[in-house]
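Report on the following structure.
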Amino acid sequence: MTEVAAPHVPVRARRPHLRRAPAFPTWAAKTVMAVTGLVFTSFVVVHMIGNLKVFGGAAGFDGYAEWLRTLLHPLVPHEGVLWALRVVLVLSLVAHVGCSVVLARRSRASAGPRRRRTGLTAASFGARSMMLTGIVMLLFVVFHVLDMTTGTPPAASDSFVPGSAYANLVASLARPWVAAFYGFTMVLLAVHVAHGVRTAAGDLGVTGIRSRAAATVVGGVAAVAVLVGNAMIPIAVQAGWLA
């Protein structure tokens, strides 16, 4: 007998696995990081300008600190504006750090095990060091609050006096290791700001060649200003110019 072949039944092709879209889109995370990053950049520039009042002596610097506490008083409660600013900065910090972690994980996942290696340039160094400099900035913020705001040892000096902004600043930076830490942190902050402003401009839709070049210049100027302005203070204290 002749063997009859079984009819060919086509095998249904498997559909490729489709990844679900993340609940929080990448573009939204980049936008949040850009906005909060610009908030922090504006803050550090203004804060640096205020810090330069330390060169005017104790009366001027303590007067500036008191002005911050009484800003818009009695329209708002004592230190009301200062606390509102702190809340905005804390919320911005949480959002900035959270989105940076999300984006870093997604970047590693999309790159896969084999990543393309490129030469080290100024731009690539800034990009690669953003996570590291960001972590150092976070640690610095914690230390700075314990040192200059709450007076918590060992971050703060033994002679910390609440409300004595000038004396507390000089006493803290008179310690060589603190002065060195502040100076080193300002270098990393400059790198973070320079690259961050340029990246934020792109994430917010600034794509023109001239516009991106302008953003690069603005970021560079802000970074140098913050570095030089803030680094002069521990140098002046260590040199004995501020006492």
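The values are calculated or read from the model by the stated rules, or taken from the named source; none is laboratory data. These numbers were taken from a predicted model, which means no experiment stands behind them. All accessible areas refer to the heavy atoms of the entire protein, side chains included, with ligands and DNA or RNA removed. Shrake-Rupley method; radii C 1.70, N 1.55, O 1.52, S 1.80 Å.
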Taking only C-alpha pairs under 8 Å that are 6+ residues apart, what is the relative contact order of the chain in percent? 25
Membrane-span-like helices (DSSP H runs, Cα span along own axis at least 15 Å, mean Kyte-Doolittle at least 0.5) in the chain -> 26-51, 80-111, 130-144, 176-203, 209-239
Report, to the nearest whole %, how much of the accessible area of the chain belongs to carbon and sulfur atoms, 1.4 Å probe, protein only. 70
Surface accessible to a 1.4 Å probe, per residue, for the residues of the chain, Å²: 66
Give me the accessible area of Lys53, 1.4 Å probe, in Å² rounded to the nearest 10. 100
Along principal axes, Cα extents of the chain, largest first, whole Å: 113, 44, 41
Per the helix-only model, the chain has a calculated mean residue ellipticity at 222 nm (DSSP H runs of ≥4, -39500 (n - 2.57) each, divided over all residues, rounded to the nearest 500) of -22500 deg cm²/dmol
